[in-house]
Structure formats: structure tokens, C-alpha cells
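Trainee: First the structure, which I've put down as C-alpha cells, then a few questions once you've had a look.
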Amino acid sequence: MSEADITAATAPAPVDARARRIAERRERRRRLFLAALLVLWIPLLIRAVVGHLWFEYPFGVDLEIPLRAAERWVHGGQPYLASAFSSPPGPTQPFLYPPYVLPFVAPLLSLPRDILKVVWSLALLAAAVVAIRRLGVRPILWPLVLAWPPFSEGIYGGNIQIALFALFTFVFWTRRASGPAEPRELVQTAADLRVGITATLIGAIKVSQPHAWLRVLTRRPVEAIAGAAVVGVVAVATLTITGFAVWGDWIAQLQRATATDWELGGIALSRFVPVIGFVVSAAALLALPFLPSRTAGEWVGVLGVVGATSLHPFGLLFLLPAMLRIRAELALIAAIFITTYSFAGQWAGILVVAIAFTLQSLSYPDAKLNRPSALEIVG
């Protein structure tokens, strides 16, 4: 065979060149669309952080609420005030955490309140950074992600949900030297009690979020039960301090919190369409044992939001792992919807993530779901 024949045989076909050019043009258009979405999102983030949080939202309010409840309890008063449901937004809102939280909050009353709020918000900021770093978000994008309302409102308001989300990422992912974390359930290691305790803590502090613990229970029952036992012993030990009566008060407070006429009760589906909401919540719990291992964390996050019985903006953090797996443009559209702070916008964002992740999971059932995904721009 002559050199000319060899050259002709190895030259790329014209159709391949045309296909590459078409693919390159499509990619350029897609990148321009992503840039346009970012340009649209950034002003909304600024408005949310500056306009809503800085000028309207009380700094450290979600720490102030349990502090005031502990203060009433320490002085022999009622931590669970029924009258709080008719109070305006702010530190007089209802205290809804379980009674075993009170003995841990009470010692903080001796500290300067303003300094405590600053330190607590900084600690939550650190927890948020740990969480998004574990998920593979690039440092250059951290300011945008942290300014997103589910993060910024939780950090500024001092809501423990930020720390619980960091625990959530620990349960379902392990750290790697670079890139996104590896799904923990794929790592066949000896039982790790830390996983059981961590999963238990999420549901023990936010009783409407048992999803992580239930998932661990179906895959690593020894760890889940041991973790629940450890946390349970601590909770039972607090009975010597709180007594039993306050538990009845707490249950009554939770019943009030589910009332559909409480304006500040959040955006959970069960508040607006109770029957459908109950069915969705039950279905989300029943689906937990059947989730694929590689994407269990993403699925638990989505199901925990869609099937939540109590849902506020910072609860939408659990959508983030799935958002990092779907197409980048869809993730940005969802983020924009959620940034509007409207009921319709937030649920539009939830549905975009849930539907996109479900369809992608069906398309690539055995894949890592990172093609093409938001990790292209954030990880």
C-alpha cells in the first residue's frame, strides 16, 4: 500500500468533521445560555441577600427562638407557647424542637447574645463550606452557592438546618482528594457507628426529616440501630431534667404547627392539600429501601423535600446533590425559581429538580449521573 493510500485511509471522513462542527456550535449555544442564566440569577441573589435578609430578616432569629424557649423553661415557664402561632415573624415564633434540646441550649444563656449569634452563624458558614466541598463544588463558585437562599437564609438566621445538611453529606458521601465525593454505600467497610449516630441526629433534631436514618436502617441496620440507641440514651437521660409533662406540651405544639391556617407554616405540600401531601409523604418513606446505591443520597434528598411534612427555604438544601447531577441549565433554572422566594417559584424549582433527576435516572440507571450535569460548571 502506498503512502497516499495510507493517508486516504486514515483521514477523517467529512461527515465526522461536520458532526464535530455541529456539536461545537451546539455546545457554544449551550454555554451562552448558561451564561445568560447566570446573568439573570446573580441580580436575584443580590436582591435576596441584601433586600430580604439584610433589611428584613432578623439576624440570628432561628437561634433566638430556642434561646427564649430555654429561658422560659429555666425560669419555670412554658417553652411551647400556643400564643406564638399568632405572633408576627421574628423571635416570638413557636419553638418546635423536642424537649431534649432544652438542656443543651440552656447553658448558652450565660453568653453574650450578640456574640453568640455571630459565632453560631460563622460555625454554620463553616458547615456549609464543608458540605459543598464534599459534594464537589469548585471554590470559585462557593460565593454564588452560599448566597442561594436555602444557604444564606439558614446561615444568616442561624438555623441548625445548615449543620444537619453537612451531617447529611457525611452520611451519604465520603471525601476524595479531588472532585465529587464517592457514594458512601458503595464502600464496603467495617461498620461505622459515626454513620448511624449522624443519621440519627438529623431526624432527632428535625423530627420531620427521618429519611436519612431510615435509608441507613435498610442498608446498615446495625449502625442505624446502634446510632439510635446512643442518641436515645442521651435523650432519655434528659428526662431527669425536663420531666415528662413537657413532652405532652411539645406534641400539642406540633399539632398546632400542622394547622393549615398558620401563615408562617412553610410550603410543605401537606399544608395545602393534606390528603395528597400525606400520600406523597408516605410514598417517599416507602421508596427509601429501593433506591439505587450509587445515587441514594441524591434520591433521599429529593424525596425528603417532596415528601416533607414541614418545609421552609433552608430545607431545600437537600435538593443540591441532585441539582449537581442534572443538566447544568436545568439546575440553574431551578435555582432561579427558588431564589424568587415565592411559593409557586419554590415548588417550580423543586419539580424541575425532581422530574429532571428522575428522567435522568431512568435514562442512565447504572451510570454515575454526571453526564452532562451541573458538575460541568461547579465540579
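Residue-wise test of (1) modelled with pLDDT of 95 or more; (2) within 14 Å of the chain's Cα centre (by Cα); (3) outside any helix (DSSP H, G or I).
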| residue | (1), (2), (3) |
| --- | --- |
| 325 | no, no, yes |
| 338 | yes, yes, no |
| 349 | yes, yes, no |
| 352 | yes, no, no |
| 365 | no, no, yes |
| 371 | no, no, yes |
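Trainee: Let me ask another. Quick check: is even one residue across the stretch 299-310 within 27 Å of residue 131 (Cα to Cα), surrounded by fewer than 19 Cβ atoms within 10 Å (Cβ to Cβ), within 19 Å of the chain's Cα centre (by Cα) and among the hydrophobic types (A, V, I, L, M, F, W, C)?
Mentor: No, every residue in the stretch 299-310 fails to be within 27 Å of residue 131 (Cα to Cα), surrounded by fewer than 19 Cβ atoms within 10 Å (Cβ to Cβ), within 19 Å of the chain's Cα centre (by Cα) and among the hydrophobic types (A, V, I, L, M, F, W, C).
Trainee: All but one of (1) at pLDDT 95 or above; (2) in contact with a strand residue (DSSP E or B) (Cβ under 9 Å, 6 or more places away or on another chain) hold for residue 317, so report the exception by its number.
Mentor: Result: residue 317 passes all but (2).
Trainee: State all residues of the stretch 43-84 that are farther than 21 Å from residue 340 by Cβ and either at pLDDT below 90 or in a loop (DSSP other than H, G, I, E, B) (or both); if no residue qualifies, say none.
Mentor: Hits for the stretch 43-84 are 58, 59, 60, 75, 76, 77, 78, 79, 80, 81.
Trainee: If you go through the stretch 200-225, how many residues are part of a helix (DSSP H, G or I) and of a type in the set (Lys, Arg)?
Mentor: Here the count works out to 2.
Residue-wise test of (1) of a type in the set (Lys, Arg); (2) within 20 Å of the chain's Cα centre (by Cα).
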{"position": "252", "(1), (2)": "no, no"}
{"position": "256", "(1), (2)": "yes, no"}
{"position": "275", "(1), (2)": "no, no"}
{"position": "279", "(1), (2)": "no, no"}
{"position": "284", "(1), (2)": "no, yes"}
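Trainee: Let me ask something else. When you scan the stretch 189-199, do you find a residue that is in a helix (DSSP H, G or I), surrounded by 18 or more Cβ atoms within 10 Å (Cβ to Cβ), under 16 Å from the mean Cα position of the chain (by Cα) and at pLDDT 85 or above, even just one?
Mentor: yes
Trainee: State yes or no: is residue 219 over 29 Å from residue 78 (Cα atoms) and either among the basic types (Lys, Arg) or surrounded by 14 or more Cβ atoms within 10 Å (Cβ to Cβ) (or both)?
Mentor: Answer is yes for this residue.
Trainee: Here's something else I'd like to know. Of all the residues that make up the stretch 107-125, how many are in contact with an Asp or Glu (Cβ under 8 Å, 6 or more places away or on another chain) and either within 26 Å of residue 240 (Cβ to Cβ) or polar (S, T, N, Q) (or both)?
Mentor: Qualifying residue count, the stretch 107-125: 1.
Trainee: Return the residues of the stretch 336-351 that are out of contact with any Phe, Trp or Tyr (no Cβ under 6 Å at 6 or more places or on another chain) and crowded, with 22+ Cβ neighbours inside 10 Å; say none if nothing qualifies.
Mentor: Across the stretch 336-351, the qualifying residues are 338, 339, 346, 350.
Trainee: Also, quick follow-up: Determine the pairs where a residue that is surrounded by 13 or more Cβ atoms within 10 Å (Cβ to Cβ), located within the stretch 354-368, has a partner that is at pLDDT below 85 with Cβ atoms under 7 Å apart, the partner being 6 or more residues away or on another chain.
Mentor: If the second residue must be at pLDDT below 85, the pairs left are 360/369; 361/369.
Trainee: Could you tell me whether any residue of the stretch 311-333 is among the basic types (Lys, Arg), under 26 Å from residue 362 (Cα atoms) and surrounded by fewer than 20 Cβ atoms within 10 Å (Cβ to Cβ)?
Mentor: Yes: one or more hits.
Trainee: On to the next question. Within the stretch 137-144, can one find any residue that is touching a residue at least 60 places away in the same chain (Cβ under 8 Å), under 19 Å from the mean Cα position of the chain (by Cα) and assigned to a helix (DSSP H, G or I)?
Mentor: Yes, that holds for at least one residue.
Trainee: State yes or no: is residue 104 out of contact with any Phe, Trp or Tyr (no Cβ under 8 Å at 6 or more places or on another chain) and part of a helix (DSSP H, G or I)?
Mentor: yes
Results for (1) within 24 Å of residue 145 (Cβ to Cβ); (2) in contact (Cβ under 8 Å) with a residue 12 or more places away in the chain, shown as yes or no for each residue.
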residue: 34; (1), (2): yes, yes
residue: 51; (1), (2): yes, no
residue: 57; (1), (2): yes, yes
residue: 80; (1), (2): no, yes
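Trainee: Identify the residue in the stretch 260-292 that is touching a His at 6+ places or on another chain (Cβ under 8 Å) and outside any helix (DSSP H, G or I) and, among all such residues, is surrounded by the most Cβ atoms within 10 Å (Cβ to Cβ).
Mentor: 267
The values are calculated or read from the model by the stated rules, or taken from the named source; none is laboratory data. All of these numbers come straight from a predicted model, not from anything done at the bench. All Cβ positions, glycine included, derive from the backbone under ideal geometry; neighbour counts span all protein chains shown.
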